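Worksheet: the structure to be examined is printed underneath.
Derivation of every value follows stated rules applied to the coordinates shown; laboratory data play no part. Here the structure is a predicted model, which is why all the values come from computation and not from measurement. FYI the Cβ positions are ideal-geometry reconstructions off the backbone, even for glycines, and counts take in every protein chain you see.
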Amino acid sequence: MDKLKLMKIANEVRKDIVTAVHSAKAGHPGGSLSAAEIFTYLYFEEMNIDPKEPDKEDRDRFVLSKGHTAPGLYSVLAERGYFPKEDLVTLRHTGSYLQGHPDMKQVPGVDMSSGSLGQGISAAVGMAIAAKLSGASYRVYTLLGDGEIQEGQVWEAAMLAAHHKLDNLVVIVDNNNLQIDGAVDKVNSPYPIDKKFEAFNFHVINIDGNDLEQIESAMNEARTVKGQPTAIIAKTLKGRGVSFMENEAGWHGKAPNDEEYKIAMADLEKAGEALCQM
């Protein structure tokens, strides 16, 4: 798929995120928006998946370790055809299968329930080990927040991944530099993130995580790595695409009101129109 089409899909994913969180009157838009290109590339280009067979044995696996950004995952799953887009407006509503954190028992396409930070990467490592033990060819991808990697469990999982030489595992860090309490380097600095993963014997790639060409290059490079897991440190902009949400920690876990929703959608409509002119 050409990059322009992927850019248009990422913009639609952003519209879906804003619409879902607005409808829920709660949720986490900032970190969902920052990862829109990552979600889009994984589900439309990188992973071996089939929405018609969400549980097929040889599918690639994805674990959203930063589970609070479920609006981003749900939006790309809907765009990819796992369930109707119309269901996104039921986010967090009583009786909806689209709750605030992903539920593998309820949502088609979700490979692992997540939410408690640090646990997702641990599950992903287990999946990658299982593939090695069974001789399966599937690959495992997991997306972490940069605030999340303050959790010690992340590094226990990283140590185990390197010990087992899991070259079928790709760990992506959404490095938007903001968490619920503010800038990550002010709360409890994880920097230098790349050097830490290198010290744990990962193959490390630094990219602009909002640039689809750089994402593609990193994913292609990861496929060539043997005997090591890969960590992609993706520098992103929290709230990307919505003018008043960009680089604002306050939009980590807050829904837009009706007026803010109109402004956000106008921003994204304008971005979509610009893409159509390219």
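Summary table below
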item: Segment 237-278 versus segment 60-80: alpha-carbon centroid distance in Å; result: 19 Å
item: Residue-wise HN-Hα coupling along segment 255-270, computed from phi with Karplus coefficients 6.51, -1.76, 1.60 (Hz; x: Gly, Pro); result: 8, x, 7, 4, 5, 5, 4, 4, 5, 4, 5, 5, 4, 6, 5, 5
item: Under-5 Å amide H pairs with residue 228, H placed in peptide plane, nonlocal only; result: 167
item: Dipole of segment 3-276, positive end: most advanced residue of 100, 82, 153 [Cβ charges, Cα centre]; result: 153
item: Entries of 25/238; 5/226; 5/195; 195/235; 15/235; 52/105 with Cα pairs more than 25 Å apart; result: 5/226; 5/195
item: Interchain or long-range residues, amide H under 5 Å from residue 238's placed H; result: 247
item: Most to least packed among 221-228, 27-34 [average Cβ atoms within 10 Å]; result: 27-34, 221-228
item: ³J(HN,Hα) computed for each position of segment 203-211 - Karplus, 6.51 cos²θ - 1.76 cosθ + 1.60, integer Hz, glycine/proline x; result: 7, 10, 10, 9, 9, 7, x, 9, 10
item: Residue exposure sequence - 251, 155 - by fewest surrounding Cβ within 10 Å; result: 155, 251
item: Rounded tilt (10° steps) of 3-24 against the dominant C-alpha axis of the chain; result: 70 degrees
item: Cα gyration tensor category, rounded, prolate or oblate, for segment 1-127 with a/c compared to 1.5; result: rounded
item: Space enclosed by the convex hull of the alpha-carbon atoms of segment 153-278, per residue, Å³; result: 119 Å³
item: Peptides ranked, highest mean first, by Cβ atoms within 10 Å: ranges 205-216, 189-200; result: 205-216, 189-200
item: Trypsin sites (Lys or Arg not before Pro) lying in DSSP loop within segment 3-80, provided at most 11 other Cβ fall within 10 Å; result: 52, 56
item: Cα centre as origin, Lys/Arg/Asp/Glu Cβ charges: the chain dipole, Debye; result: 360 debye
item: For residue 63, distant residues with modelled amide H under 5 Å away; result: 141, 142, 143
item: Protection proxy ranking of 41-47, 178-184, 99-105 - average other beta-carbon atoms within 10 Å, highest first; result: 41-47, 178-184, 99-105
item: Rg [Å, one decimal], Dmax [Å, integer] - segment 65-190, C-alpha atoms; result: 15.7, 44
item: Segment 3-276: equivalent-ellipsoid semi-axes (sqrt of 5 x gyration tensor eigenvalues, Cα, Å); result: 28, 21, 18
item: Inter-label distance, nm, simple model (7 Å from Cα along the C-beta direction), residue 244/residue 275; result: 2.3 nm
item: Cα lying deepest toward the dipole's positive end in the chain, options 219, 256, 163, charges on Cβ; result: 163
item: Distance cut-off 18 Å, percentage of C-alpha pairs in segment 205-252 lying past it; result: 44 percent
item: Segment 48-88 shape via C-alpha gyration tensor axes, a/c threshold 1.5; result: oblate
